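Enquirer: Handing you a structure now.
The values are calculated or read from the model by the stated rules, or taken from the named source; none is laboratory data. Note that the structure is a prediction, hence the values are computed from the model and not measured. Virtual Cβ from ideal backbone geometry, glycine too; neighbours counted across all protein chains shown.
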Amino acid sequence: MAEILLSLTIIGVVAAITLPSLTGNINERTWNTQRKALYARFSQAIALMPSLNGYGTLTEESSSGAGDAVDTAAETFVTAGLAKVLKINNICDNEHLEDCGIPSQINAPNGSLISSIPTTLSELNSMFLSATGWNAPSYASVLDTKSAAFETSNGESILVYYNPQCMADMNEKGSYYIWPKMCANFVYDLNGSKGPNTVGKDIGFITAIYPTDPMVVAPMPALSVASNNVSQLNAGQACKANDPETRVPSREELYSLIYNRQLSGISANWKWSSHVPETGYGLFIDPVGGYTYKFARTYSTTGVWCVKR
């Protein structure tokens, strides 16, 4: 009997030690599978939409005709656009986001707590509105749509930020603002109101860029940041040196990281993308003003932010 009790005690201790790790690994695999499936569904659905801009209005009067402006852009984008190509169970307006399972707080990848979730487009990108001088976008003040939310048939909660005036890729070589390119930004929670509500686990973001032939990206931010004088030519190697599972973001992935600056944790200094606008030059972006510039690919800087593969 003593030997049996001792064996049971040892088994219990081992289980107590290994079970949390085992459960965590199972959760990680589950989230990774869900994340990839959600991204695939969004990519396929958005590709079926004729255009991503022009839904709703920012200044529509209510039926009373009293002159009270009603912002319908994001909600109309979901009801009249996205719902036609994606299975949606429940749609919530800006005043009832919690009814669609949107969490009130989110844990950022750097360990900080985001205690106030942005509810409008300008709140999401407050850095653009606060920028001054040469990198202050003139369009920022007119784009302030309220967010909306919905629940998918698979149980994910999605918060939607929408820009009805989004613009196409004009094959710019450099020196332009990235803000007008974003049509829709989605912050998702894979398991609704359940925890851990942490970016990189059950929380993430998907961005649809350009109104026609949209590019849909869902970059996973990595805390491994390559620094200390890295050129674009060596940026990929610098990312791998910090973490073999990371790489330099594409142009559109870097857009998304900057749009979702609170969730990605991206720092303020200029960042390299992997984009080569013309021979010998790489695309550099300022996260503070959302401004692009082309630099020689051999130019060394601290501006590299890696993403997970």
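Enquirer: Restricting to region 158-197, count the residues that are free of Cβ contacts under 8 Å to residues at least 24 places away in the same chain and either among the basic types (K, R) or more than 20 Å from V216 (Cα to Cα) (or both).
Expert: Residues in region 158-197 being free of Cβ contacts under 8 Å to residues at least 24 places away in the same chain and either among the basic types (K, R) or more than 20 Å from V216 (Cα to Cα) (or both): 2 in total.
Enquirer: Got a sec? Which of P103, P118 is at pLDDT 90 or above, assigned to a loop (DSSP other than H, G, I, E, B) and assigned by TED's automatic domain parsing to the domain that holds G200?
Expert: P103
Enquirer: With the requirement that a residue be of a type in the set (A, V, I, L, M) and surrounded by fewer than 24 Cβ atoms within 10 Å (Cβ to Cβ), what does region 238-257 give you?
Expert: Listed by number, the residues that qualify are A238, A241.
Enquirer: If you take the residues of region 299-308 that are closer than 17 Å to S256 by Cα and at pLDDT 90 or above, which of them is farthest from the chain's Cα centre (by Cα)?
Expert: Of everything passing the filter in region 299-308, C306 is farthest from the chain's Cα centre (by Cα).
Enquirer: Can you tell me how many residues within region 229-278 are more than 17 Å from Y299 (Cβ to Cβ), out of contact with any helix residue (DSSP H, G or I) (no Cβ under 6 Å at 6 or more places or on another chain) and part of a loop (DSSP other than H, G, I, E, B)?
Expert: Number satisfying all stated conditions: 9.
Enquirer: All but one of (1) in the same structural domain as K146 (by TED's automatic domain parsing); (2) assigned to a loop (DSSP other than H, G, I, E, B); (3) on the phi < 0 side of the Ramachandran plot hold for A208; state the number of the condition that does not hold.
Expert: Checking A208 against (1) in the same structural domain as K146 (by TED's automatic domain parsing); (2) assigned to a loop (DSSP other than H, G, I, E, B); (3) on the phi < 0 side of the Ramachandran plot, the one that fails is (2).
Enquirer: If you don't mind, another one. Hey, could you check region 253-263 for residues that are at pLDDT 90 or above and among the polar types (S, T, N, Q) and say which is nearest to M170 (Cα to Cα)?
Expert: Only one residue fits best here, namely S256.
Enquirer: Still on this model: Return a yes/no flag: does region 279-298 have any residue that is closer than 22 Å to M167 by Cα, modelled with pLDDT of 95 or more and in a loop (DSSP other than H, G, I, E, B).
Expert: No, that holds for no residue.
Enquirer: Give the number of residues within region 266-278 that are modelled with pLDDT under 90 and either surrounded by 21 or more Cβ atoms within 10 Å (Cβ to Cβ) or closer than 17 Å to W179 by Cα (or both).
Expert: Total meeting the criteria: 3.
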